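Structure first, commentary second.
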Ligand code: KIV
Ligand code: NA
């Protein structure tokens, strides 16, 4: 059982081995996911919705993220651990430094921030200071009220070109991983091919370097509605361990996501 690091993930991209990612919020599930061989666990601010029952991720605080990061870290022996920076916790560079420090001290091995070019300064500063950063483009749920709902992004040619340009700027600034959420399959594939860092998709089609799902969605137990891009693996297998292991297998083989879980 070799610990997954950022170097492992970069090598997987280079060798076209798909990366499996799942959200995790506590030690028991983290241990179970780890034992099934998940590559990366994300302490997502989606916990505001799936754990707290909020209708968006906006109310989530840095303290809550740190609490769950600590718990997950205890169960994650092998997997690489990423924690979300919550809404407005990286509005300025100084806030980004202080709040990233809290999450890294809680056990995160990388922090994730939603947004494009405006983040480049903070990203470069964090990376220089030893904090690895994951970007997040496409549907960025912290901007739900600006976007007018949870909608597919990058459908128009100009929006697609702009997203690719922003992804490249983020890579230049120093991100070592990127999440793409709810974008057309073709754009997911295009951005993944253009970057040399691992690109992880959720509702971004089969052409990315890996996939991430919210654990409650892939077990079919979410308090919220089930997004089109997710798949209920517990219904298929009837067992949580088997559900997780099948998800990992399908990500590795490329059979998930299929057309029915993607946007065109
Ligand atoms: O918060 C979260 O769970 C996420 C993933 C959906 C990428 O950001
Ligand atoms: Na998130």
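The values are calculated or read from the model by the stated rules, or taken from the named source; none is laboratory data. Note that the coordinates shown come from a computational prediction; the quantities given were computed from them, not determined experimentally. Methodologically, a virtual Cβ is constructed for each residue, glycine included, from the backbone with ideal geometry; neighbour enumeration extends over all protein chains shown.
Checked against (1) part of a loop (DSSP other than H, G, I, E, B); (2) within 16 Å of ligand 1 (Cβ to nearest atom); (3) in contact with a strand residue (DSSP E or B) (Cβ under 8 Å, 6 or more places away or on another chain), residue 107 passes all but a single condition, namely (2). Here the condition is being in contact (Cβ under 8 Å) with a residue 40 or more places away in the chain, more than 16 Å from ligand 1 (Cβ to nearest atom) and either within 21 Å of residue 30 (Cα to Cα) or surrounded by fewer than 23 Cβ atoms within 10 Å (Cβ to Cβ) (or both); of 129, 78, it holds for 78 alone. Checked against (1) without any contact (Cβ under 8 Å) to a residue 60 or more places away in the chain; (2) more than 15 Å from ligand 1 (Cβ to nearest atom); (3) in contact with a helix residue (DSSP H, G or I) (Cβ under 9 Å, 6 or more places away or on another chain), residue 175 passes all but condition (2). Among the conditions (1) touching a helix residue (DSSP H, G or I) at 6+ places or on another chain (Cβ under 8 Å); (2) buried (at least 19 other Cβ atoms within 10 Å of the Cβ), the only one that residue 64 does not satisfy is (2).
Would a scan of region 89-99 turn up a residue that is under 19 Å from the mean Cα position of the chain (by Cα) and farther than 16 Å from residue 44 by Cα? Yes, the conditions are met somewhere in region 89-99. Of the residues that make up region 33-41, is at least one in contact (Cβ under 8 Å) with a residue 60 or more places away in the chain, within 16 Å of ligand 2 (Cβ to nearest atom) and more than 21 Å from residue 197 (Cα to Cα)? Checked region 33-41: no residue is in contact (Cβ under 8 Å) with a residue 60 or more places away in the chain, within 16 Å of ligand 2 (Cβ to nearest atom) and more than 21 Å from residue 197 (Cα to Cα). The residue list 234, 164 contains one member that is at pLDDT 95 or above and within 16 Å of residue 134 (Cα to Cα), which is 164.
For region 65-91, the candidate set comprises residues that are closer than 19 Å to residue 136 by Cα and assigned to a loop (DSSP other than H, G, I, E, B); within that set, the residue that is farthest from ligand 2 (Cβ to nearest atom) is 91. Test of understanding: among 116, 138, which residue is within 16 Å of ligand 2 (Cβ to nearest atom), on the phi > 0 side of the Ramachandran plot and touching a residue at least 40 places away in the same chain (Cβ under 8 Å)? Of the residues listed, the single one that is within 16 Å of ligand 2 (Cβ to nearest atom), on the phi > 0 side of the Ramachandran plot and touching a residue at least 40 places away in the same chain (Cβ under 8 Å) is 138. The conditions of being within 16 Å of ligand 2 (Cβ to nearest atom) and at pLDDT 95 or above are met by residue 153.
No other residue among 28, 20 is at pLDDT 95 or above, away from ligand 2 (no atom under 16 Å from the Cβ) and in a helix (DSSP H, G or I) apart from 28.
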